[in-house]
Amino acid sequence: MSSVDLDRLTAALPDFDQAFLVTVGDDGRPHVVEVDPMFTAGAFDVGAVGGHTAANLADRPNVTLLWPAREPGGYALMVDGLAQANPASTVVVPTKALLHRRGADGSPDCVIFRT
């Protein structure tokens, strides 16, 4: 069961547009692709992914979805999750979600969505 407050996450999503899916390759380097996640039934469907991303997910299903801030000083939305890929779509179940920005004094400013 997820400890993510899915109601708060759902309420935040309209404030964000395109997202990036971050996976990790065999060499430990991040692999980033642009996705258009749809949130339903407590999970994100990011659609079909390419071969490199699918290979990463097969070995390392822990991923991050990142929606950048729309304006300077705004919050970015970050969702960690477990991904499961199949040829038609990839589903990411959130395990952690938060809003993040750099505070006025340069320190992190985080709003964590947990139950």
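Values quoted throughout were computed directly from the atomic coordinates according to the rules given, and no laboratory measurement underlies them. These numbers were taken from a predicted model, which means no experiment stands behind them. Glycine also receives a Cβ, built like all others from the backbone with ideal geometry; neighbour counts cover every protein chain displayed.
Among the residues of the stretch 14-36, is any surrounded by fewer than 15 Cβ atoms within 10 Å (Cβ to Cβ), within 17 Å of Phe113 (Cα to Cα) and polar (S, T, N, Q)? Checked against the condition, which is being surrounded by fewer than 15 Cβ atoms within 10 Å (Cβ to Cβ), within 17 Å of Phe113 (Cα to Cα) and polar (S, T, N, Q), the stretch 14-36 yields no hits at all.
Counting only residues that are in a loop (DSSP other than H, G, I, E, B) and either surrounded by 15 or more Cβ atoms within 10 Å (Cβ to Cβ) or within 13 Å of the chain's Cα centre (by Cα) (or both), the stretch 1-13 holds 2 of them.
Residue-level analysis places Arg101 among those that are over 16 Å from Thr10 (Cβ atoms) and in contact with a strand residue (DSSP E or B) (Cβ under 7 Å, 6 or more places away or on another chain). Scanning the stretch 14-36 for residues that are part of a strand (DSSP E or B) and under 12 Å from the mean Cα position of the chain (by Cα) turns up Ala19, Phe20, Leu21, Val22, Thr23, Val32, Val33, Glu34, Val35. Touching a Pro at 6+ places or on another chain (Cβ under 7 Å), within 21 Å of Glu34 (Cβ to Cβ) and among the aliphatic types (A, V, I, L, M): is that true of Val79 in this structure? Yes. When the strands (runs of 3 or more DSSP E) confined to the stretch 49-115 are screened for residues that are of a type outside the set (Ser, Thr, Tyr), surrounded by 11 or more Cβ atoms within 10 Å (Cβ to Cβ) and under 10 Å from the mean Cα position of the chain (by Cα), those reaching at least 2 such residues are found at 62-67, 76-85, 90-102. Selection of first residues in the stretch 1-28 that are touching a residue at least 12 places away in the same chain (Cβ under 8 Å) and of a type in the set (Asp, Glu) and of second residues that are buried (at least 16 other Cβ atoms within 10 Å of the Cβ) and part of a loop (DSSP other than H, G, I, E, B), restricted to Cβ pairs under 6 Å at least 6 apart or on distinct chains, gives the following pairs, ordered by first then second residue: Asp5/Phe113. If the condition is being part of a strand (DSSP E or B) and either buried (at least 16 other Cβ atoms within 10 Å of the Cβ) or touching a helix residue (DSSP H, G or I) at 6+ places or on another chain (Cβ under 7 Å) (or both), then the stretch 37-48 contributes Phe39, Ala43, Phe44, Asp45.
When every residue of the stretch 48-65 is checked against the conditions, none turns out to be at positive phi and not aliphatic (A, V, I, L, M). Out of all the residues in the stretch 42-57, which are closer than 16 Å to Asp27 by Cβ, of a type in the set (A, V, I, L, M, F, W, C) and in contact with a Ser or Thr (Cβ under 7 Å, 6 or more places away or on another chain)? Selection gives Leu57 alone.
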